[in-house]
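Here's the structure we're looking at; comments come further down.
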Amino acid sequence: MSDLTQTMALEAQTSAPGKARKSLGLSDTVTGWLLSLPLTLVLFFFLVLPIVMIVIVSFWGATEFSIYPAFQFDNYEFLLTSPVTYSVFLNTIKYAVITWAITLVLGFTIAYFLAFHVRTLTWQIVLFLLCTIPFWTSNIIRMISWIPFLGRNGIANSALISMGVIDEPLEWLLFSDFSVILAFVHLYTLFMVVPIFNTMMRIDKSLIEAAYDNGATGFQTLTNVIIPLTKPGIMIGSIFVVTLVMGDFITVRFMSGSQKANVGRLISNDIALLQYPSAAATAVILLITVLIVIGILLRFVDIRKEL
Amino acid sequence: MEKRPRSFYVMAAVFGAFLIFLYGPTVTIAILSFQGPQGGLTFPMRGVSLHWFHELFQQQAVGDIWGSFARSFVLGLMVMVTTVVVSVMGGLAFRKRFPGSGIIFYLIITSLVIPSILISLGVGLIFSQSGLDIHWSTSGYGSQLTWTLPFGLLIMFAVFNRFDKSYEEAARDQGATAWQTIWHVVLPIIAPMLIGVALFGFTLSYDEFARTLLTAGSYNTLPLEIYGMTTNVTTPVIFALGTLTTAFSLVIIAVFLVTVVIMNRRRARQGSDAGKGMV
């Protein structure tokens with residue numbers, strides 16, 4: 001806190017009238033640095049250093065019980081020559097693409113409804129909060145709560161049988177790709193809704209009226225006016241959903257009953273076997289993949305401008 | 001009022017279905033947690049009882065859930081306070097560009113999108129290799145900050161982007177020091193948003209799993225304890241626990257939201273008396 005006071009004092013000096021422009025620039029810099037110091041320290045010790053550590057350890061060797069410093073490419077060689085790696089990465093991307101497509105359509109519809117169909121601000125806030133509240137509760141509990149629905153004797157199967165739609169319980173409801181993607185959609189649609197809703201609320205309503213006045217149909221207004229103006233929100237939502245799904249390991253493990261694999265599970269399995277160097281190498285490849293995907297998505301949007 | 005288009009009804013139906021999809025499972029386990037003692041993990045209900053809630057208080061049935069709850073609660077408060085303070089400072093810093101601000105900004109984004117297991121693995125490796133004790137209040141605390149701070153900061157950036165600077169200029173013109181301006185003008189104006197940041201800080205920490213997995217050490221936080229239970233508990237006791245922690249989260253959310261509403265009301269009441277004829 002004394003840092004802060006000092007900074008404030010500095011700022012006070014600079015804002016005093018009659019000060020030279022030059023010194024103002026310098027102490028603005030100092031102010032910025034001091035105020036962002038705690039943030040920088042946290043990010044340095046718990047983000048940058050861990051990444052550096054993972055990169056270093058990815059070149060280390062491991063015995064059954066311990067890891068030892070080395071500089072070898074064994075981990076990467078094993079990883080990049082194993083067909084398992086490619087099928088697991090492919091599966092991870094499959095989950096990401098399918099979840100992305102579903103959450104995009106669903107999230108866009110929800111955001112559109114909230115932004116353009118709900119007419120009073122109070123109702124907008126109430127309905128928006130209803131969508132947001134589950135985000136502040138436990139993901140693990142939300143996954144567990146699908147069991148009574150999807151199990152062999154669960155609600156979905158009993159309902160379908162009693163309606164005469166099926167004779168035998170469906171086996172693919174739980175512990176399958178279906179349940180994994182269902183859980184992803186359940187957990188992450190919100191990350192699409194919020195940024196899209198945010199950009200939609202900033203669209204000038206007169207633009208839409210203008211489109212109608214010029215004879216555009218509802219669909220034409222949607223594709224020519226609303227979607228282009230909502231693009232930044234869509235991109236931010238996409239970044240969230242894609243990275244969350246690609247980095248996940250717990251949802252896939254839990255919802256597939258350990259029967260499906262993605263990269264996150266590859267890493268956590270290595271960790272469970274104390275094979276940290278090989279886990280680190282997989283983590284490095286995963287990080288590179290995620291950063292490439294984000295790099296592509298960021299080409300379409302300037303995040304700093306969108307806040 | 002203007003007539004609703006047909007698309008309204010279609011979308012309202014989608015929205016309603018989405019809410020059922022969001023809340024249905026949680027409501028279901030809330031009902032199932034009241035299963036009778038012979039009941040299983042799904043319907044039908046075999047009687048109604050508090051048996052499974054009672055089980056939660058039997059140490060041997062569920063392990064150390066109350067200890068882990070206490071740890072998660074304390075950790076949540078630590079993370080919450082840190083997130084609010086650091087986010088406000090960061091928000092103030094980012095009002096002007098300074099050398100290095102671009103790098104810090106991209107680090108914040110990286111912190112948000114990096115797969116959680118990398119933080120867990122990296123922090124765990126650093127602590128174990130340098131001989132430091134892996135503990136929820138040190139390594140766990142730092143790892144969780146990498147998840148809560150980006151949310152806090154993004155909220156603060158959005159707040160300060162919309163902040164009317166003329167309030168500060170007015171304060172300065174009347175002779176307030178920079179510190180007084182922050183403390184008496186800026187902070188009270190952004191106070192409801194700070195409650196929001198606090199809500200994110202607490203709940204995201206309280207529910208965090210992946211970033212604490214390898215950084216909590218020998219004493220589990222509540223999500224880790226619940227996760228451990230999923231592999232070896234096959235009775236509705238896990239639903240009872242899920243119902244209780246969800247209820248707890250809902251109470252916390254309600255407290256924060258009510259605080260914001262009260263704050264806004266009070267502000268509306270004690271607002272400006274300009275134009276009211278007081279001389």
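The numbers here are math on the coordinates, done by the rules we state, and not lab data. These numbers were taken from a predicted model, which means no experiment stands behind them. Heads up, the Cβs are rebuilt from the backbone with ideal geometry, glycines too, and the neighbour counts pull from every protein chain shown.
Summary table below
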{"quantity": "Under 13 Å, Cβ to Cβ, from residue B:243 - net charge with Lys/Arg +1 and Asp/Glu -1", "calculated": "0"}
{"quantity": "Label-point separation, residue A:209 to residue B:128 (7 Å along Cα→Cβ), nm", "calculated": "6.4 nm"}
{"quantity": "Given charges at beta-carbon only (K, R positive; D, E negative), |dipole| of the protein assembly as shown in Debye", "calculated": "1600 debye"}
{"quantity": "Rg over Rh, two decimals, chain B (C-alpha only, Kirkwood Rh)", "calculated": "1.06"}
{"quantity": "Residue among B:201, B:185, A:269 farthest towards the positive dipole end of the protein assembly as shown, charges placed on Cβ", "calculated": "B:185"}
{"quantity": "Per-bin percent of Cα-Cα distances, region B:20-124 [10 Å]", "calculated": "11, 20, 25, 21, 14, 7, 1"}
{"quantity": "Charge-dipole axis of the protein assembly as shown as Lys and Arg at +1 and Asp and Glu at -1 on Cβ define it, positive-most pick from A:146, A:63, B:218", "calculated": "A:146"}
{"quantity": "Sites residue B:231 and residue A:129 - FRET efficiency at Förster radius 45 Å, r taken between beta-carbons, to 0.05", "calculated": "0.85"}
{"quantity": "Calculated [θ] (222 nm, deg cm²/dmol) that DSSP helices of n ≥ 4 give over chain A, each run adding -39,500 (n - 2.57)", "calculated": "-21500 deg cm²/dmol"}
{"quantity": "Point-to-point label distance, residue B:4-residue A:152, nm (Cα→Cβ direction, 7 Å offset)", "calculated": "4.4 nm"}
{"quantity": "Per-residue mean of C-beta atoms belonging to partner chains within 10 Å, peptide A:49-57", "calculated": "6"}
{"quantity": "Inter-label distance for residue A:274 and residue B:189, nm, one decimal - labels placed 7 Å from Cα along Cα-to-Cβ", "calculated": "5.8 nm"}
{"quantity": "19 Å reach of a label modelled at residue B:70, 7 Å along Cα-to-Cβ, counting backbone N of region B:209-236", "calculated": "B:216-226"}
{"quantity": "Positive-end residue of A:36, B:65, A:283, charge dipole of the protein assembly as shown with Cβ unit charges", "calculated": "A:36"}
{"quantity": "Computed over the protein assembly as shown, Cα set: Rg, Dmax in Å", "calculated": "25.7, 86"}
{"quantity": "Order by protection proxy (mean Cβ within 10 Å, highest first), peptides B:201-213, A:34-46", "calculated": "B:201-213, A:34-46"}
{"quantity": "Average beta-carbon neighbours from other chains, 10 Å sphere, peptide A:260-268", "calculated": "2"}
{"quantity": "At q = 0.13, 0.14, 0.22, 0.24 Å⁻¹, base-10 log of I(q)/I(0) for region B:88-197 (Debye sum, equal scatterers on each alpha carbon)", "calculated": "-0.64, -0.71, -1.17, -1.27"}
{"quantity": "Peptide-level mean, for B:21-30, of C-beta atoms on other protein chains within 10 Å", "calculated": "6"}
{"quantity": "Region B:77-124: chymotrypsin sites (Phe, Trp or Tyr not before Pro) falling in loop per DSSP and having at most 13 other Cβ within 10 Å", "calculated": "none"}
{"quantity": "Ordering of B:85-92, A:136-143, B:24-31 by packing [mean C-beta count within 10 Å, highest first]", "calculated": "B:85-92, A:136-143, B:24-31"}
{"quantity": "Violating pairs (Cα-Cα greater than 21 angstrom) within the set B:96/B:165; A:205/B:96; A:231/B:96; A:231/B:3", "calculated": "A:205/B:96; A:231/B:96; A:231/B:3"}
{"quantity": "Sorted by Cβ neighbour density within 10 Å, fewest at the top, the residues A:95, B:227, A:86, B:219", "calculated": "A:86, B:219, B:227, A:95"}
{"quantity": "Candidates B:76, B:152, B:102, ranked by Gaussian network fluctuation over chain B, Cα under 10 Å, top entry", "calculated": "B:102"}
{"quantity": "Pairs of Cα atoms farther than 27 Å apart, region A:83-306, %", "calculated": "46 percent"}
